[in-house]
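Let me begin by handing over the structure; questions about it come next.
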Amino acid sequence: MSPTICRRMEAVFSALLVLCLSASTGVHGDSLTVLQAPEFVSFQKGDWPVSGEKIPDLVALTMGFSVQEDLSWPGLQVGPLFQRPRANVLVVVRGVDSLALPQSVASYPLENPVPFTLDSVAETVHSLFAEDTPVVLQLAPSEERLYMLGKANAVFEDLPVTLQQIRARLSQDGSVLASLPLNSLSRNAEADLLFLSEVQVLHDITALLQRHRHLAKDHSPDLYSLELSGLEELSRLYGQDSAQYRDATAILASVLQKFGEDVYGLYGNSAVVEVVTVKTFEAPLTRKSRSILQSQQTSNPGSPYNLAYKYNFNYAVIFNIVLWLMIALALAVIAVAYNLWNMDPGYDSIIYRMTNQKIRMD
């Protein structure tokens, strides 16, 4: 057999092996994987693709909120009206199209992977549960981007945010470096430290939640949005066929699996944990640096999110005054009408009584 034929046969067998491995994962290319979900949030298993721009609407629906446009996607079924998960955790992993997550509820292909944020969902949570101060945490360690709202300001005040703080945390007690099999990853390389820093942030979030278990017992839903780009830096520096990239992918898969199980257990098996893996976004994300606390007092009727007007704390007082005043007036009208209907003019009315006496005197 000639060498050319051998090389062709080897290429064919390699292609078949790749196809078999891809088929075993169930999802090709970028994907949305639901790691954990309560029983009343019904995700159906299938290969229905979901658009990247619809991810915020999907998160809002899983939390029991309404969206501007109906999501005609068969992967999520309608659940009970009076049950909502206590938390939703969305982790976006850039630089890889899929992760070998051994245990998951369902996985779906992700098409049109455009950048997205959960700002609209965070504003909804803040407007509906302002008095309960829910936890809203949006974090991107690589960009040092952090948004905290409600109880998150007190719970995650010790969470390292900047890269300098996270790298200092790696050298302290309880660091993930003591428990992770680094293999080909280095503690001195810049890209490796970025990846390990993101793993450390995941570990610290679960540690802080375990310290503040009361968060899972309130009635307000919590929202977590994390964006990890360490794998993207490793892929750019070493390549996807490098040992560093393969080791980092395996580490992140196991860490995310444990992270989902820990958060799911802390919230009493009433949390939805999703992982979005995307090789690269199709367009850069332009994001204004602002806090969602800076929203206007009344929402814009032309807002793309179709938000209601901001809740007025005098609404309950005014509502009770108007309600009970209307009830009192209605009862008064009924009582007057009843007495007039059953009144005897000869005995109950002083006008007719005096008239009768005058007639008798005459």
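The values are calculated or read from the model by the stated rules, or taken from the named source; none is laboratory data. The structure displayed is predicted, hence computed values, not measured ones. Neighbour counts are summed over all protein chains in view; Cβ atoms, including those assigned to glycine, are modelled from backbone coordinates with ideal geometry. These area figures cover heavy atoms from the full protein model, side chains too; ligands, DNA and RNA do not enter into them. Shrake-Rupley method; radii C 1.70, N 1.55, O 1.52, S 1.80 Å.
What is the Å³ per residue value for the convex hull set by the Cα atoms of the range 160-293?
141
Run the numbers for GLN172 and LYS45: contour at 0.36 nm per residue of separation, minus the present Cα-Cα distance, in nm.
Contour length minus the Cα-Cα distance gives 41.5 nm.
Which order do peptides 245-257, 185-197, 324-336 fall in by mean Cβ count within 10 Å, highest first?
The most tightly packed comes first, giving 245-257, 185-197, 324-336.
Mind checking which aspartates and glutamates have their Cα closer than 16 Å to the Cα of LYS151? Skip sequence neighbours fewer than 8 apart in that chain.
The reachable aspartates and glutamates, counting only those whose Cα sits under 16 Å from LYS151, are GLU123, GLU131, ASP132, ASP218, ASP222.
Let me ask something else. In nanometres, what is the gap between the two model label sites at LEU340 and LYS217, each 7 Å from Cα along Cα-to-Cβ?
5.9
Considering amide H positions built from the backbone, and no H for Pro or chain starts, which residues 5 or more places from VAL93, or on another chain, come under 5 Å of its amide H?
Here the answer is LEU228, VAL276, THR277, VAL278, since their amide H atoms fall under 5 Å of that of VAL93.
Quick one: work out the % antiparallel among DSSP beta bridges in the range 31-278, nearest 5.
45
So for each of 116-126, 153-163 I average, over its residues, the number of other beta carbons within 10 Å; can you give me the resulting order with the highest mean first?
116-126, 153-163
So what J values fall out for the range 186-194 if you push phi through Karplus, 6.51 cos²θ - 1.76 cosθ + 1.60 with θ = phi - 60°, rounded to Hz, Gly and Pro as x?
Each residue of the range 186-194 in turn: 10, 7, 10, 6, 5, 5, 5, 5, 5 Hz.
Right, here's the next one. What share of all Cα pairs of the range 32-186, in percent, falls into each consecutive 10 Å distance bin?
8, 31, 35, 21, 5, 0
Each label point is 7 Å from the Cα along the Cα-to-Cβ direction; what then is the distance between the points at VAL333 and THR162, in nm?
Taking the two extended label points, one gets 6.7 nm.
Want the number for TRP324 to GLU261: 0.36 nm per residue separation, take away the alpha-carbon distance, what's left?
The TRP324-GLU261 span can extend by a further 17.7 nm.
Given a 1.4 Å probe, how much area per residue of the range 31-278 is accessible, in Å²?
Per residue, the range 31-278 has an accessible area of 42 Å².
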